[in-house]
Amino acid sequence: MTTTRLTMAQALVKFLDNQYVEVDGVQSKFVAGVFTIFGHGNVLGLGQALEQDSGELIVHQGRNEQGMCHAAMGFAKQHLRRKVYACSSSVGPGAANMITAAATASANRIPLLLLPGDVYASRQPDPVLQQIEQFHDLSISTNDAFKAVSKYWDRINRPEQLMSAALNAMRVLTDPAETGAVTLALPQDVQAEAYDYPDSFLQKRVHRIDRRPPTEAMLNEAVTLLKGKRKPLLICGGGVRYSGAAAELQAFAERFGIPFSETQAGKSAIVSAHPLNMGGIGETGTLAANTLAREADLIIGVGTRYSDFTTGSKSLFQNPDVQFLNLNVGAFDVQKLDGVQVLADARLALRSLSDQLGDYRAQWGNQPREARAALDAEVDRLYAVEYQAEAFEPEVSGHLDPQVLRDFIEMTGSCLTQSRVLGVLNQQLPSDAVIVAAAGSLPGDLQRAW
């Protein structure tokens, strides 16, 4: 066995630079680069390794730890979870600033690799700058807070531990069902320790993301359920995008006359103007989607985790005979709402179901067409809403002192309403534009009207 002597940080950089994924026979580089804010705990280990030889990794120096993690999440999401950025921080508050992002990534099944610096494994310089000293357990640092929000967590206390830790990190990051935040805590003295790493560990490694097919028993149960229902409604979740199953879902909806709705993560999988697209569903959804959801006797959830915003805290589906058919690659999500389970890749599951449904047609009549027409008219109305100085009534009235609006106009010189801004942008931006929204009412308006 041939080896190369490297510091732990050098070996980590070389390992990350040689990770690839393969989907449907196509290989691509998995780790595009590293976002980092150098400081106490990562500048002389990982920082030096990146400075000396970062390979093809692109290094961006961040300005806010949480911000760079959110940017990494957006990057991974836009690349359908097949390409990521790692994020590195200093010890203490720098690391703590990444915890919220870790929770968001794990909740939303987005791969996020976190490399926070950690206190000395030797403990000889303790307490180092910004080190938390827990009197009952000196092994605890700020990075232990990541355990609750990480899909995989490890602390590399010896340089040779990097090998098992890094391989397990990639196992989770590339798993469609288990992915989320992965935290590798890097004690600053161990980053600089040298070890003879096997060359096999440092060479190109391809992680094959295979498509899990549905079993015959799953398909039979799903087909039996669907054929007994008159008013099914599809929910297009984020898994449709990540699986690349948009064309299959659209073909499925069109062939069997089934209207579909979108979650926040599933939005943009299929063009919003499609006549069977009822728009966003749930708390921040459209009247079209939510009206059909109340009447539906079957909800077909494709790649959705059924969050409370999607289900209206499980109050949205009012038909006394409603049942759920869940197509999901994740065993945790596929069993939600006590649905009939098709544990499989979304693309393969939709194709297999389509092959076995024969001449089935949903019996919605004109309801989807009427709901869609009403949705289009409402969006047009919202896009045209303009502020009128006299007796202006906000869309959600009674929650804002009119004087606040007058003060805002006086301070900013602007009287554009939020929905009017969305209308102008929607008309002017290209159809493939990517938008980033702040929190508050804006994400809900985007799900309804973008």
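The values are calculated or read from the model by the stated rules, or taken from the named source; none is laboratory data. Remember, predicted model here, so these are calculated numbers, not experimental data. Note: ideal-geometry Cβ built from the backbone for every residue, glycine included; neighbour counts use all protein chains shown.
Values as computed for the structure displayed
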read-out: Filter pass, Ala273 being surrounded by fewer than 18 Cβ atoms within 10 Å (Cβ to Cβ), modelled with pLDDT under 95 and of a type outside the set (Ser, Thr, Tyr); value: yes
read-out: Lone qualifier among Val396, Val379, Val424 - being surrounded by fewer than 13 Cβ atoms within 10 Å (Cβ to Cβ), part of a helix (DSSP H, G or I) and of a type in the set (Val, Ile, Thr); value: Val424
read-out: Selected residue (only one of Val302, Val340, Val322, Val329 is free of Cβ contacts under 8 Å to residues at least 40 places away in the same chain, surrounded by 15 or more Cβ atoms within 10 Å (Cβ to Cβ) and not polar (S, T, N, Q)); value: Val322
read-out: Among residues of region 383-404, those that are farther than 23 Å from Gln447 by Cβ, aliphatic (A, V, I, L, M) and at pLDDT 80 or above, counted; value: 1
read-out: Which numbered condition Thr100 misses (of (1) free of Cβ contacts under 8 Å to residues at least 40 places away in the same chain; (2) buried (at least 20 other Cβ atoms within 10 Å of the Cβ); (3) of a type in the set (S, T, N, Q)); value: (2)
read-out: Arg294 vs. criteria assigned to a loop (DSSP other than H, G, I, E, B) and at pLDDT 95 or above; value: no
read-out: Cβ pairs under 7 Å, 6+ apart, first in region 1-15 and over 10 Å from Pro159 (Cβ atoms), second among the hydroxyl-bearing types (Ser, Thr, Tyr) and surrounded by fewer than 22 Cβ atoms within 10 Å (Cβ to Cβ); value: Val13/Ser54
read-out: Region 200-232 - residue that is touching a strand residue (DSSP E or B) at 6+ places or on another chain (Cβ under 6 Å) and in a helix (DSSP H, G or I) and, of those, surrounded by the fewest Cβ atoms within 10 Å (Cβ to Cβ); value: Glu221
read-out: Test: residue in region 57-79 that is in a loop (DSSP other than H, G, I, E, B), touching a residue at least 12 places away in the same chain (Cβ under 8 Å) and of a type in the set (Gly, Ala, Ser); value: yes
read-out: Selection status of Ser414, within 24 Å of Thr286 (Cβ to Cβ), of a type in the set (S, T, N, Q) and either outside the structural domain of Ser261 (by TED's automatic domain parsing) or assigned to a loop (DSSP other than H, G, I, E, B) (or both); value: no
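Here is a yes/no grid of residues against (1) assigned to a strand (DSSP E or B); (2) of a type in the set (Val, Ile, Thr):
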{"position": "Thr100", "(1), (2)": "no, yes"}
{"position": "Ser106", "(1), (2)": "no, no"}
{"position": "Ile110", "(1), (2)": "no, yes"}
{"position": "Leu113", "(1), (2)": "yes, no"}
{"position": "Pro125", "(1), (2)": "no, no"}
{"position": "Ile140", "(1), (2)": "no, yes"}
{"position": "Ala148", "(1), (2)": "no, no"}
{"position": "Leu167", "(1), (2)": "no, no"}
{"position": "Met170", "(1), (2)": "no, no"}
